[in-house]
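Working notes, structure below.
The values are calculated or read from the model by the stated rules, or taken from the named source; none is laboratory data. Predicted, not measured: the structure shown is a model, and the values here were computed from it. Cβ placement follows ideal geometry from the backbone for every residue including glycine, while neighbour counts extend to all protein chains displayed. These area figures cover heavy atoms from the full protein model, side chains too; ligands, DNA and RNA do not enter into them. Shrake-Rupley method; radii C 1.70, N 1.55, O 1.52, S 1.80 Å.
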Amino acid sequence: TDFIRFAASDGVARLTFDNPRRLNAINAEMWQALPALLTRVEEDPAIRVLVLAGTGDRAFCTGNDISEFGSIRADPIAAERYNEGQRAVARLLQGMTRPVIAAVHGYCLGAGFEFALMSDFRLCAADARMGVPAVKLGLPYRLEDIVKVADVVGLARAREMVLLGRQYAGEELLALGIANQVLPDHGALAVAVDALAMELAANAPLSLSAAKVAFADWPGGWADRCYASEDYAEGRTAKREKRKPVFAGR
């Protein structure tokens, strides 16, 4: 799609929302393209980390492109069809066995905020502003989406965020536990994201996947795969030989 950029190198995939005229809001074309891109990340053994970002200076992602709602989300039946497309993307992102980093600058609202919440790490520039504006737009906020907020900030603060529709920035994001780091500007954010992505990509891929599965309490035998892997033997050998391990993901 013309509205999403995708690139992968050195074990790191980068998926960038590229709709700056609409502050990187996600339109129907983007929702339709996202499942194939996320599946590509999950199925490519060379990809070890996914970075989510937004183009331009003003926003990571401002949620759904509401300019389309009059035609594609205008009644309950159309809305449910649209919502199911969103759920499909959420299932893929939440089920991903690769670590995900959200590189957040500017506005990060609604569905964009959910993308950040579903990431394992949220690194933010100082101008990042996050929130759930549904109540200010006449939109419902479903239980499945409230759970994403509550999992990160707790139920009491989730009620505050959802019922008031406020935006939060800077040190507030750190205090809420939303941001792992707040960087002074966009350049510092890019450097920090690159460093974190490369640090993650240097780790044993099967171990990373096993940890992702364990956090989510999914079945799948990932621990056994780690113990049976060449990487497990390589990790022990490298430790004994006092060198950096070279993991192959098998």
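Screening Asp57 on (1) exposed (fewer than 14 other Cβ atoms within 10 Å of the Cβ); (2) under 25 Å from Ala216 (Cβ atoms) shows it passes everything except condition (2).
Any residue at all in the range 75-84 that is assigned to a helix (DSSP H, G or I), touching a Leu at 6+ places or on another chain (Cβ under 7 Å) and either open to solvent by 60 Å² or more (accessible area, probe 1.4 Å) or at pLDDT below 95 (or both)? Walk me through it before giving the result.
Restricting attention to the range 75-84, the residues satisfying the condition of being assigned to a helix (DSSP H, G or I) are 76-84.
Restricting the remaining residues to those that are touching a Leu at 6+ places or on another chain (Cβ under 7 Å) gives none.
No.
Against the definition (modelled with pLDDT under 95 and open to solvent by 30 Å² or more (accessible area, probe 1.4 Å)), how does Glu29 come out, yes or no? Here the answer is yes, as Glu29 does meet what is asked.
For the range 145-185, a residue qualifies if it is touching a residue at least 24 places away in the same chain (Cβ under 8 Å), more than 15 Å from Cys124 (Cβ to Cβ) and open to solvent by less than 40 Å² (accessible area, probe 1.4 Å), and the qualifying residues are Asp145, Lys148, Val149, Met161, Val162, Gly165.
Scan the range 109-120 and give yes if some residue there is part of a helix (DSSP H, G or I), at negative phi and open to solvent by 20 Å² or more (accessible area, probe 1.4 Å), otherwise no. Yes - at least one qualifying residue is present in the range 109-120.
Does any residue of the range 128-140 turn out to be part of a strand (DSSP E or B), aliphatic (A, V, I, L, M), open to solvent by 10 Å² or more (accessible area, probe 1.4 Å) and at pLDDT 95 or above? The answer is no; no qualifying residue exists.
For the range 1-36, a residue qualifies if it is in contact (Cβ under 8 Å) with a residue 12 or more places away in the chain, over 23 Å from Cys124 (Cβ atoms) and part of a helix (DSSP H, G or I), and the qualifying residues are Ala28, Glu29, Trp31, Gln32, Ala33, Pro35.
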